Amino acid sequence: MTSTQTKRQVVLLTGASSGIGRATAEELARRGHTLVLAARRADALAALARELDPSGSRVLAVPTDVTDAASRRALIETARGQFGQVDVLVNNAGVTVERGWWWDDPDPLRVLRVNLESPVELTRLVLPEMRARGSGHIVNIGSVAGRAATNGIYSASKFGLRGFSLALRRELLGTGVTVSLIAPGFVRSEMTRAARLPMPGPEVVARAVADVLERPQREVIVPRLYRPLAFLDHALPGVGDWIVRRLIRRRYVHGEG
């Protein structure tokens, strides 16, 4: 696929109002994509759409609760009604248990609903049209926590999303529909605001998303420094235990520095 063809794609992006989602929307708009932006915060979403496309012809804001089946269906129908089809689905919406232990949270399963169930259901809604025309791209935003576990419920959601993404890619081989997984490490966002760790901005993830639309890849870990760390956790899990004990547990879970 050429860059010119890529720029004509209609991209549906969830979790678009802040953090990685906002940075991704900005990067995709710079590269000429047509955007359907979804998030719960209607005011922030509308302001972003106006900023990216004052004419209102190329960027559409659709307030959406990705955990609600009717809201998901309305999102897809609105995108089709405005632009005809969805060429790319970027499942970016995500949450975590931000403070304390997941088992003390009153509703830890919301993490699974947002991070795993909603990407599966949104994918299920767009796949028929993609398979019928023989083209399309699903991009799921996973996490290094889906390879090196640090938080029970969050890692469960991201391990699941990784398995779903890699398996779906194989299920769709030969159909013309591509599946990519972007796995960020710690980057600055609302989700990581309590973390006292050196982190790059969300733009590193945004560029990775935009790049796989032009040069598809199965899985991309960003920033690059997390690639050997993910391998090391698999090869020498004791080292991962040490890192969690010394850094993640003290600085991220408890917010101490």
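Some observations on this one:
- Test result for ARG131, open to solvent by 30 Å² or more (accessible area, probe 1.4 Å), of a type in the set (D, E, K, R), under 17 Å from GLN217 (Cβ atoms) and not in a loop (DSSP other than H, G, I, E, B): no
- Residue within segment 167-187 that is among the acidic types (Asp, Glu), open to solvent by 40 Å² or more (accessible area, probe 1.4 Å) and more than 22 Å from ALA74 (Cα to Cα) present: yes
- Residues within segment 33-56 that are polar (S, T, N, Q) and modelled with pLDDT of 95 or more, tallied: 1
- Whether a residue is modelled with pLDDT of 95 or more, within 13 Å of the chain's Cα centre (by Cα) and either of a type in the set (Lys, Arg) or in a loop (DSSP other than H, G, I, E, B) (or both) was assessed, and ARG162 passes this test.
- Neighbours by Cβ (under 6 Å, 6+ apart or cross-chain): first from segment 6-34, within 14 Å of ARG58 (Cα to Cα) and among the polar types (S, T, N, Q); second open to solvent by 30 Å² or more (accessible area, probe 1.4 Å) and not in a helix (DSSP H, G or I): THR34/ARG58
- Test: residue in segment 17-32 that is among the β-branched types (Val, Ile, Thr) and either assigned to a helix (DSSP H, G or I) or modelled with pLDDT under 95 (or both): yes
- Pairs, first farther than 14 Å from ALA148 by Cα in segment 208-232, second at pLDDT below 80 and not in a helix (DSSP H, G or I), C-beta under 6 Å, six or more apart: PRO223/PRO200
- When each of VAL97, VAL126, VAL120, VAL144 is tested for being at pLDDT 95 or above and open to solvent by less than 20 Å² (accessible area, probe 1.4 Å), the lone residue that passes is VAL126.
- Subset tally (residues that are at pLDDT below 90 and open to solvent by less than 40 Å² (accessible area, probe 1.4 Å)) for segment 147-159: 2
- Scanning segment 29-76 for residues that are in contact with a Lys or Arg (Cβ under 8 Å, 6 or more places away or on another chain), buried (at least 20 other Cβ atoms within 10 Å of the Cβ), farther than 20 Å from GLN9 by Cα and of a type outside the set (S, T, N, Q) returns a single hit, VAL66.
- Candidates ARG80, ARG113, ARG72, ARG124, filtered to the one that is over 20 Å from LYS158 (Cα atoms) and within 17 Å of the chain's Cα centre (by Cα): ARG72
- Pair list, Cβ under 6 Å, 6 or more apart: segment 117-144 residue closer than 28 Å to LEU229 by Cα, other residue assigned to a loop (DSSP other than H, G, I, E, B) and modelled with pLDDT of 95 or more: ILE141/ASN92
- For VAL86: the one exception among (1) in contact (Cβ under 8 Å) with a residue 60 or more places away in the chain; (2) surrounded by 18 or more Cβ atoms within 10 Å (Cβ to Cβ); (3) within 28 Å of LEU229 (Cβ to Cβ): (3)
The values are calculated or read from the model by the stated rules, or taken from the named source; none is laboratory data. The structure presented is a predicted model; accordingly, all values stated were derived computationally and were not measured. Cβ coordinates were reconstructed from backbone atoms using ideal geometry, including for glycine residues, and neighbour counts include every protein chain displayed. The protein model used for the area step is the full one, side chains on, heavy atoms only, and it has no ligands, DNA or RNA in it. Shrake-Rupley method; radii C 1.70, N 1.55, O 1.52, S 1.80 Å.
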